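Quick one: structure below, then a few questions.
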Amino acid sequence: MVLRRCRKLLGDDTAARDAMHDVFVQVLSHADQLADQAPSSLLFRIATNVCLNRLRTKRRRPEDGGDGVLAEIAEATDPAARSAARAMLDTLFRSEPDTTALIAVLHLVDRMTLEEVADEVGMSVSGVRKRLARLRTKLHAMEVAP
Amino acid sequence: MTTLPDWLVERAALDEVPSASRARLDQAAPGELAARVAALREDNARELAAYPPGPAVAQIEDRLRERPRRRRRWLAPALVAAGLAAAAILIIPHAPAHETDETETTRVKGRARLIVFKQVGDHLRADDAVRAGDVIQLRYNAGGARYGVIASIDGAGGVTLHFPATPEATTDVEAGTRSLPEAFALDDAPRFERFFLVTANEPLDVPGTLDALRTLARRGDAADAVLDLPPAIHQASFRLRKP
């Protein structure tokens, strides 16, 4: 499950295997703070964060899988200007809180409902809605800026 | 047409669907969930066959050691099963007393290497409970012997050769702690699985060793008795229970 998740987000088998190792390192490093219920949800969330951090800190080449994730989000947020939106998301994700990127991926790529996202990240539905609205507003502002 | 997102299928396969998402499963096309869960399980089996978990566990251990020290405990079995879907056991013959400690390491040409995984969930201990479908990764250390055979018997009288790959292959073993190249899933044989590491300083007769194992497997005391082998051949065994 973890490997498949990393493959989907990173789009590269070698990078996904490396990320998978990091996921388990994170899990084991914080094991004394974790509950054992629903481990798949925990692993999924940590895998998503690990991959997003990699996408955020690494300068991606055009063929890298991260563009695929951004493209999916861009299409969902601004279908008419997919290419531009993708570039802006790239910039935006480097400055937004980690949780916003996570929320965007869960809702716009994984097609989770607002309720499912809220459950996943431990926020209220209105909190999730606000984060998504803010992301769209920032994208729009970047789009119209000279 | 696919209607269920990947993440939901993954959770359904592990019986961990959030209550807020159950309605989506009910709305899926008939048969879709079953087909996709079956495909996931096939993918898991292919992955485990191609990439045994032992090396990945070693990589993770290396990275953990490189991180700043903090209190660690190991995960509950369910968590590890959800991710790696595998456990590891270790058989060490002639093990000096210090090598049986939970935190043991062994030195190979001056480089410390972890050879025992800690606690249940990763490193299985003798008489731990396992069940059909559990995936087992074997590691061994021949303790300086040049030749070895690894095989197992089960409560149904079955005998399985794990090393070498075939009875005709060489029984040469490498020095140090090694993982077998393939993990395997336990079948539904009852009561126990008992693994044997047979070592010697002369090439071993694999068919003869398997005959001795078959004889033992048919006995009522197969879970405990010693394998009938010549005195010059050393044997170590490791038993797992199947309640």
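The values are calculated or read from the model by the stated rules, or taken from the named source; none is laboratory data. Just so it is clear, the model here is predicted, and its values are computed rather than measured. All Cβ positions, glycine included, derive from the backbone under ideal geometry; neighbour counts span all protein chains shown.
Has segment B:200-211 got at least one residue that is in a strand (DSSP E or B) and either closer than 27 Å to B:E47 by Cβ or touching a residue at least 40 places away in the same chain (Cβ under 8 Å) (or both)?
Yes; the residues of segment B:200-211 include at least one that is in a strand (DSSP E or B) and either closer than 27 Å to B:E47 by Cβ or touching a residue at least 40 places away in the same chain (Cβ under 8 Å) (or both).
Right, next: At pLDDT below 80 and over 25 Å from B:E47 (Cβ atoms) - does that describe any residue in segment A:15-30?
Within segment A:15-30, one or more residues are at pLDDT below 80 and over 25 Å from B:E47 (Cβ atoms).
Could you list, in sequence order, the residues of segment A:122-143 that are β-branched (V, I, T) and surrounded by 20 or more Cβ atoms within 10 Å (Cβ to Cβ)?
Residue satisfying the conditions is A:V128 alone.
Could you pull out every one of the helices (runs of 4 or more DSSP H) wholly within segment A:36-141 that has 2 or more residues that are modelled with pLDDT of 65 or more and assigned by TED's automatic domain parsing to the domain that holds A:V25?
Ranges flagged: A:39-57.
Could you check segment B:1-50 for helices (runs of 4 or more DSSP H) lying wholly inside it with 2 or more residues that are more than 19 Å from A:K8 (Cβ to Cβ)?
Once the helices (runs of 4 or more DSSP H) in segment B:1-50 are filtered for at least 2 residues that are more than 19 Å from A:K8 (Cβ to Cβ), what remains is B:22-26, B:32-50.
So that you can scan it fast, the table gives a plain yes or no per residue for (1) in contact with a Cys (Cβ under 9 Å, 6 or more places away or on another chain); (2) modelled with pLDDT of 80 or more; (3) surrounded by fewer than 17 Cβ atoms within 10 Å (Cβ to Cβ); (4) more than 7 Å from every other protein chain (Cβ to nearest Cβ):
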site	(1), (2), (3), (4)
B:W7	no, yes, no, no
B:L25	no, yes, yes, yes
B:L40	no, yes, no, yes
B:L90	no, no, no, yes
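Assuming B:S237 fulfils every condition listed in (1) part of a helix (DSSP H, G or I); (2) touching a Phe, Trp or Tyr at 6+ places or on another chain (Cβ under 6 Å); (3) polar (S, T, N, Q) apart from one, which condition is it?
Here B:S237 clears every test but (1).
Given the conditions (1) within 11 Å of chain A (Cβ to nearest Cβ); (2) exposed (fewer than 12 other Cβ atoms within 10 Å of the Cβ); (3) at pLDDT below 85, which single one is not true for B:A58?
Every listed condition holds for B:A58 apart from (2).
Where residues in segment B:153-184 are part of a strand (DSSP E or B) and without any contact (Cβ under 8 Å) to a residue 60 or more places away in the chain, which of them is surrounded by the fewest Cβ atoms within 10 Å (Cβ to Cβ)?
Within segment B:153-184, the match that is surrounded by the fewest Cβ atoms within 10 Å (Cβ to Cβ) is B:D172.
Name the residues in segment B:6-53 that are in contact with an Asp or Glu (Cβ under 7 Å, 6 or more places away or on another chain) and without any contact (Cβ under 8 Å) to a residue 12 or more places away in the chain, would you?
B:W7, B:P18, B:A20
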